[in-house]
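Enquirer: One structure, pasted below without further comment.
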Ligand code: HEM
């Protein structure tokens, strides 16, 4: 599997796969294929894809560690940038179709509606992660500080989920929210479990006299 993941064609193929939702939405928009309310469809679909990409990014490390497909790590940055790509589209669709690009009204709406404020906070936190996802930024910040900053993705996942929960609370429709909540709980729970088992292994190694360095994973 690592060999396949390292193949030069794999990255472009995954890139194209990540663009498929965008292609489907663009095609639907130009062919009248987005249902009775295309604006709502676009806002919701781009929101869904943002949350899906956040889940996919969070799944990379657990999958890499449990399967030992270490080459998966080379796709994490691209997947994170796609989460940002879809949230920018989501924000643009909302600003255009719901608010007609009236910046004053957008600011008032963000302040007035808590679920929009939570979504906007997630977007604001995601921005420095996207901006520092390049090698030069990692070098400039230093690996440790960069890793600390990128732990914000856990907060962003929580805010994205809260935003979705709050939006659906008005409609009393929580089925999908619970599915995402379960996925995110498993992915974050795995990190807690992995951290605890590494500490335990380190303590045992320490007790036996052979220190083993802790390797951190985000
Ligand atoms: C990481 C950030 C965000 C995530 C993960 C996210 C995710 C979502 C999701 C999953 C939905 C529901 C889609 C559905 O019902 O199928 C949604 C709806 C929505 N979001 Fe976001 N969102 C984010 C940021 C934002 C921002 C920045 C804004 C605007 C400032 C925003 C405004 C909205 C609006 C207006 C809706 C539709 C509400 C409705 O149709 O009643 N979101 N979002």
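Enquirer: How long is the gain from residue 207 to residue 13 if the chain were fully straight, where each residue apart is worth 0.36 nm and the alpha carbon distance is subtracted? If you can, show how the numbers build up before the last one.
Expert: Details: separation 194, 0.36 × 194 = 69.84 nm, distance 4.76 nm.
Full extension from residue 207 to residue 13 adds 65.1 nm.
Enquirer: If you don't mind, there's one more thing I want to ask. Need the full-extension length gain, residue 186 to residue 136, defined as separation in residues times 0.36 nm minus the C-alpha distance. One decimal, nm.
Expert: Gain on extension, residue 186 to residue 136, equals 14.7 nm.
Enquirer: What is the gain in length, in nm to one decimal, between residue 4 and residue 26 on full extension, counting 0.36 nm per residue of separation less the C-alpha to C-alpha distance? Let's see the in-between values first.
Expert: Numbers: separation 22, 0.36 × 22 = 7.92 nm, distance 3.08 nm.
So the extension gain works out to 4.8 nm.
Enquirer: By count of other Cβ within 10 Å, fewest leading, how are 7, 90, 150 ordered?
Expert: Lowest to highest Cβ neighbour count: 7, 150, 90.
Enquirer: Round to a whole angstrom and tell me the spacing of the C-alpha centers of the range 1-37 and the range 142-157.
Expert: Each part reduced to its Cα centre gives a spacing of 27 Å.
Enquirer: Can you give the convex hull volume per residue for the Cα atoms of the chain, as a whole number of Å³?
Expert: Values: hull volume 35.4 nm³, N = 218.
In the chain, the Cα hull volume divided by residue count equals 162 Å³.
Enquirer: Something else now. Going by C-beta contacts inside 10 Å, put 126, 17 in order with the fewest on the left.
Expert: 17, 126
Coordinate-derived values only; no laboratory data. Quantities reported herein were computed from a predicted structural model and do not represent experimental measurements. Using ideal geometry, Cβ is built from the backbone for each residue, glycine included, and neighbour counts are taken over all protein chains shown.
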